[in-house]
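What follows is a short report on a single structure.
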């Protein structure tokens, strides 16, 4: 079965003339997944799980390489400037393909112009949580509590410019609240202080926050996705509360350098589609609080461009340090 699948993919570009595809059948050597963030993080875990499925299901030799530095800039720029032959790909997403456009001036790459989306992988909502001893149980109660104490409550993040900081600030301002941002060196440290009652609120990835909610060490007030999440079905969406308009998920995808031949992209897309539809792969994402994100190839460039446009506008409106 696996050999037949791999053979079908290889045949997808067989017989094409010069300029349409590399001279050798693709892939003729290992494919590299570049991760622009450190080992052990969420992006790295997704990349390694995906690489294993490329090996197991398509028979493609696939390696994961972390290229870190300057946030996510070094690894992302490396792939943008890599040879467009399908052998150097990037596992990235909202954090580097969208938020960097909003937060960093003179970005050395253009996420829309310099990359071809191979496909989306997964998406994870954010969860608004508060310290366990806070005398509120709904978002409306929290907003009222905070408005009675302007400038006295705070919210934690994994550091300046992180998604927890940026989305937390957008949400706080959208709710009309006056709160102090407290940056930490990583989300785990902020979560520990939230549970200990040293900070008041945090807006963090569901995959990281739900375990603390389930154990009673923090309280969940709202989720950022368009629909409620199956992991915490009793927690309403932010839009559902009617207190603010906020809808977003931290999503991940696989990207190739621009000008990668279309037949090579097609081979990679088939392998990716087969990987994310694997029951084990999908179940692993769901256990981590996410969902498989399957967007049709024709819609992927539009999705990326719309995400850049939407979040750049919101960041510039609500996050003063980004101006």
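Values quoted throughout were computed directly from the atomic coordinates according to the rules given, and no laboratory measurement underlies them. Since the model is a prediction, treat every value here as computed from it, not as a measurement. Neighbour counts are summed over all protein chains in view; Cβ atoms, including those assigned to glycine, are modelled from backbone coordinates with ideal geometry.
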Exercise. Treating the angle as unsigned and between 0 and 90°, give the value, to the nearest 10°, between the Cα long axis of helix 300-318 and the longest Cα principal axis of the chain.
Key: 30 degrees
Quiz item: So, how do all the Cα-to-Cα distances of the chain break down into 20 Å bins, in percent, from 0 on up?
Solution: 32, 53, 14, 1
Exercise. Would you calculate, for the chain, the mean residue ellipticity at 222 nm contributed by helices, counting each DSSP H stretch of 4 or more residues as -39,500 (n - 2.57) and dividing by all residues, to the nearest 500?
Key: -11000 deg cm²/dmol
Quiz item: When the chain is modelled as a GNM with alpha-carbon springs shorter than 10 Å, which of 160, 127, 221 fluctuates the most?
Solution: 160
Quiz item: What FRET efficiency comes out for the pair residue 316/residue 138, r = Cβ-Cβ distance, R0 = 22 Å, nearest 0.05?
Solution: 0.10
Exercise. Kindly state, to the nearest 0.05, the FRET efficiency for residue 259 paired with residue 188, given R0 = 35 Å and r defined as their beta-carbon distance.
Key: 0.30
Self-check item: Label-to-label distance, nm, for residues given as residue 154 and residue 65 (7 Å Cα→Cβ offset)
Solution: 4.1 nm
Quiz item: How high is the FRET efficiency from residue 247 to residue 29, r the C-beta distance, R0 45 Å, rounded to 0.05?
Solution: 0.60
Quiz item: Which whole-number percent is the relative contact order of the chain (Cα, under 8 Å, 6+ apart)?
Solution: 26 percent
Exercise. Using the number of other C-beta atoms within 10 angstrom as an exposure proxy, rank 165, 181 with the fewest first.
Key: 181, 165
Quiz item: With labels modelled as points extended 7 Å from the Cα through the Cβ direction, what inter-label distance (nm, one decimal) is found for residue 280 paired with residue 181?
Solution: 4.1 nm
Practice problem: Measure nothing but the geometry: give the 0 to 90° angle between the long axis through the Cα atoms of 262-276 and the longest principal axis through the Cα atoms of the chain, rounded to 10°. | Solution: 50 degrees
Self-check item: Helix 42-53 axis, angle to the chain major axis (alpha carbon atoms, nearest 10°)
Solution: 30 degrees
Quiz item: Where in the stretch 231-246 does the amide nitrogen come within less than 14 Å of the point 7 Å from the Cα of residue 147, taken along Cα to Cβ?
Solution: 242-244
Quiz item: In percent, how large is the relative contact order of the stretch 125-241, given Cα pairs closer than 8 Å and 6 or more residues apart?
Solution: 38 percent
Quiz item: Between 171, 243, 304, which gets the highest mean-square fluctuation from a Gaussian network model of the chain, Cα cutoff 10 Å?
Solution: 243
Quiz item: Arranged by the count of other C-beta atoms within 10 angstrom, fewest first, what order do 105, 185 take?
Solution: 105, 185
Quiz prompt | Footprinting exposure proxy for 312, 319, 35 (fewest neighbouring C-beta atoms within 10 Å first) | solution = 312, 319, 35
Self-check item: Alpha carbon convex hull of the stretch 252-323, volume per residue in cubic angstrom
Solution: 121 Å³
Quiz item: How big is the stretch 125-241 in terms of Cα radius of gyration and Dmax, in angstroms?
Solution: 12.6, 34
Exercise. Could you check which residue among 293, 206, 272 shows the biggest mean-square fluctuation in a GNM of the chain with a 10 Å Cα cutoff?
Key: 293
Quiz item: For labels at residue 294 and residue 215 in the simple 7 Å Cα→Cβ model, what's the distance in nm?
Solution: 3.5 nm
